[in-house]
Each structure stands twice: as structure tokens, then as C-alpha cells.
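Reviewing the structure listed below.
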Amino acid sequence: MGVTVRAFKAVRPTPELAAKVAALPYDVMNTEEAREMAAGNPHSFLHVDKAEIDLPASTDPYSAEVYTKAKENLVSLIKTAMLQDEQPNLYIYRLTGYGQTQTGLAACVSAAEYELGMIKRHEFTRPDKEQDRISHMEACEAHTGPIFLAYRSNESAKPEEIMAECVKQTPTYDFTAEDGVRHEMWVVSDKAVQDALIGAFREISYLYIADGHHRNATAVKVAHARNEKITATGGELDPNAEHDFYLAVIFPHTQLKILDYNRVVKDLNGMDEAAFLDKLSETWNAEKSPTPVKPSKKHEVGMYMAKQWYKLTAKNPPPESDAIGNLDCSVLQNTLLSPILGIADPRSDKRIDFVGGIRGLEELEKRVNSGEMKVAFALFPTSMTELMNVADKDQIMPPKSTWFEPKLRSGLLVHVF
């Protein structure tokens, strides 16, 4: 028996307002950026996911009034720009951008199956970030943003074949966002097609969290808390309670693209450029390049320092069987960042910063040329296979290992408890 996907009665925008409502995930921008993005657009879902933008600038984004405002804004948005489906549906969500198309199933997945290890993670979560979303989720009594999940598409069941038939119909939503990504969505109301999709996923052994670890952990904790409250007051648990299932969009892994997640460092740990190059030559081959170096294969790194690009090649990378150690971010960390530059914990060290590959190599040059940073490293992207192999071993990837594009939009589907 494989994973459960469940139809639900989505709260979603009216078709003519979908483009106005849809917003980037809450955690890819800060408050000021969110305020700017939502300016002049009262329908933006950022008024729900980043409700502090509608309060004074001095407001603590983690204060109770922010979560109260989020609920108030959600209620208002439902009245003015959204509807709720009368029957449980499944939904197909297709994104086209950055040279690719990915088509996934939007449905609810099981909190219990996450705890059974059927929905696998590859990142640690932070308690403070979890608490923020717990407060937000409890106030709104809804899952407002979907978890981005993947499944191995080479298993015997092929949900994507069923989805390919569904998308031959006219989509309910079809718009291109300001970043050039096209978003299309189909409502799957036909019970026979729903049953076929549910059955196909019953043949899938595991789901993998691609993006949204904090939202995933939060949804599970909120389900726990609600069940404990019910039993503590003598009530009986309902195995079909909405809070025991949470919102996700699930894609075949072969359609997903992970971009590079690059590193910039403020100093050379007391060395000058010559001493640094000499030291790194123990574990890396380095050659100057007249042009920017975007790595073309594993264990190749582009390095930018003092207005010069270098191509670095690891001399003795760990074997493929070492799922964590063989990752390029691990090789760089374990043979250069930690032993040479003294960055033992990249999660907490203030001397290092991370730059998503969506910003390009120009951003790395800019950060170094400005004097803010001393050296930059461009990495080869982690693959979905590597991510799933780590998750299958119940291991945790190093911080900032993956950057997914395009991003799912929040507000297109809301799951209320």
C-alpha cells in the first residue's frame, strides 16, 4: 500500500482574479519586499501570508496581531475574490518557466504517513520558523500554502500519464506572472478520474519534500495539537478530519529542476590571495579562466576572487556511495570552507552568505566587486536523484543545498480545516 492523496473542497480565486491573488511563497521575500509586491493590489495573497504589511512598519512580524490580521484578511479575500468548491476535487497545477514545464497533482496528503516515513524530508527545520507558521495556521484555520513534493516517476504506477490526459482540457486558470512563469490549473471533478489518480498514487511508495519543510512540519504539529485537544476533552478522533491532511502539489521527479545554490565569503581567514590559492591546491586543482565559470559537471566549482575567475576541480571527492559527502556542497564545505576558511558551521557563521542560482553569476561578481565579500563559489546543482537518495537513507543535506524554480504560487488553493 502506497501513499494517500485526498480530494478536498478548495478555497480558490475566481478565474478572473487568479493572477491578482496568486503570490510567491511567504519565505522568499522579507517584509519590505512583500509590502512592495502587494502595493496597489488588495487581492494579493501576501495580505494573508505576510499580514504585517498591513500594519505599522514597527510591528513585530511574529506578534499576535499579525496572525489576527492574517485571519481577517483571509476572510475578506474569500468574500471579495474567492470561492469554495462544493464537492471535494483534485487539481492539476502546471508551471512553465526557466526552460521547463512541470505538471503536478494538488491534493491533500496524510500527516500520519509523514510520521510513518512515507513522506521523506532532507532538511532540518528551525523551531522559531515552525512556531511562526503554527501561529499563522491556527489563526487562519487553514493551510494557506502548498508543500512542494516529488515522487519517483520510474515506479510502475504513472500518475503523470493520467494528468497528461487531464491537461488536454481548457484550464480553469491560465496566467503568466510578472517573473515570466506561466501558471495553469485544472479542476478534476470527475469521480472516475479522481479514483484513477488516487489509485495510481497508492502504487507510489514514498513522497519527497522538495520545498516547504517548515510548512510540512507545522501542518503535522498542528494536526497533533488538535487531536490532543479533542482527546483531552473526552472527544473521539475522526480519522477523516481535515486537519489530519495537508495541502501539497506532487510532481514526478524527472520534471523538476534544481538550480545551483552558491556561496560568498567575507574574508580569506587571515590569508592573502596567494597564500589562499596555495593552501587550496592541496585538495583542488585551480586554473584561471578568462570568462565566468559555470560548472558543467559534479566536483567542478567556479571561484571568483580579485576580479578573476578560476575553475576548481576536486582532487579526491568521496565515492558515490557516500550520499552526503559526495554532494558538491559537502565537498566544498569539507575540503575548503571549513579547513581553509574556518567556516565550521555554515548555518550560523556570519562570514558566509548564500546566493540562489536564479540570480546568476553576475550577482556573485557584484557581491565580491563591491568589497562586501572577498570570494565567491559557483556550484554544480544538486540533482533530484541525489536529494531522494539522501532522504531514503534518513539523512539530512547540508544547509542551502537546493534552490527550486519555478516557485509554486500561494493563494491559488487554500485548504480550510
If I filter the range 281-295 for residues that are in a helix (DSSP H, G or I), of a type outside the set (A, V, I, L, M) and in contact (Cβ under 8 Å) with a residue 24 or more places away in the chain, do I get at least one hit?
no
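For ASP353, are the conditions met, namely being in a loop (DSSP other than H, G, I, E, B), at pLDDT below 95 and either closer than 20 Å to ALA275 by Cβ or open to solvent by 30 Å² or more (accessible area, probe 1.4 Å) (or both)? Steps first, answer last, please.
Numbers: in a loop (DSSP other than H, G, I, E, B): no; at pLDDT below 95: yes; either closer than 20 Å to ALA275 by Cβ or open to solvent by 30 Å² or more (accessible area, probe 1.4 Å) (or both): yes.
Against the criterion (in a loop (DSSP other than H, G, I, E, B), at pLDDT below 95 and either closer than 20 Å to ALA275 by Cβ or open to solvent by 30 Å² or more (accessible area, probe 1.4 Å) (or both)), ASP353 does not qualify.
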Please enumerate the residues belonging to the range 19-33 that are at pLDDT 95 or above, within 21 Å of the chain's Cα centre (by Cα) and either over 18 Å from PRO406 (Cβ atoms) or open to solvent by less than 30 Å² (accessible area, probe 1.4 Å) (or both).
VAL21, ALA22, ALA23
Need pairs with beta-carbon distance below 7 Å; first residue touching a residue at least 60 places away in the same chain (Cβ under 8 Å) and within 14 Å of VAL375 (Cα to Cα) and within the range 337-352, second surrounded by 18 or more Cβ atoms within 10 Å (Cβ to Cβ) and small (Gly, Ala, Ser); sequence gap 6+ or separate chains.
none
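Output yes when any residue across the range 217-234 is among the hydrophobic types (A, V, I, L, M, F, W, C) and under 26 Å from LYS158 (Cα atoms), and no when none is.
Step one: filter the range 217-234 for residues among the hydrophobic types (A, V, I, L, M, F, W, C), giving 217, 219-220, 222-223, 225, 230, 232.
Restricting the remaining residues to those that are under 26 Å from LYS158 (Cα atoms) gives none.
No, the range 217-234 has no match at all.
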Yes/no for ARG263 being at pLDDT 95 or above and touching a Cys at 6+ places or on another chain (Cβ under 9 Å):
yes
Considering only residues that are out of contact with any Lys or Arg (no Cβ under 7 Å at 6 or more places or on another chain) and either in a strand (DSSP E or B) or within 20 Å of MET37 (Cα to Cα) (or both), which ones fall in the range 385-413?
TRP403, PHE404, PRO406, LYS407, LEU408, ARG409, SER410, GLY411
One residue is enough: does the range 302-319 have a residue meeting the conditions open to solvent by 20 Å² or more (accessible area, probe 1.4 Å), at pLDDT 95 or above, not in a loop (DSSP other than H, G, I, E, B) and not hydroxyl-bearing (Ser, Thr, Tyr)?
yes
Would you confirm whether or not the range 135-151 contains a residue that is over 17 Å from the mean Cα position of the chain (by Cα), open to solvent by less than 40 Å² (accessible area, probe 1.4 Å) and among the charged types (D, E, K, R)?
no
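The rows are residues; the columns are (1) in contact with a strand residue (DSSP E or B) (Cβ under 7 Å, 6 or more places away or on another chain); (2) without any contact (Cβ under 8 Å) to a residue 40 or more places away in the chain.
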residue	(1), (2)
GLU113	yes, no
LEU116	no, yes
LYS120	yes, no
ARG126	no, no
ASP132	no, no
GLU138	no, no
HIS143	yes, no
PRO159	yes, no
TYR173	yes, no
When you scan the range 377-399, do you find a residue that is among the small types (Gly, Ala, Ser), open to solvent by 30 Å² or more (accessible area, probe 1.4 Å) and at pLDDT 95 or above, even just one?
no
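The values are calculated or read from the model by the stated rules, or taken from the named source; none is laboratory data. For clarity, every value in this text was computed on a predicted model and none was experimentally measured. Cβ: placed from backbone, ideal geometry, glycine included. Neighbour counts: every protein chain shown. For the accessible areas, the whole protein counts, side chains as well, though only heavy atoms, and no ligand, DNA or RNA atoms are used. Shrake-Rupley method; radii C 1.70, N 1.55, O 1.52, S 1.80 Å.
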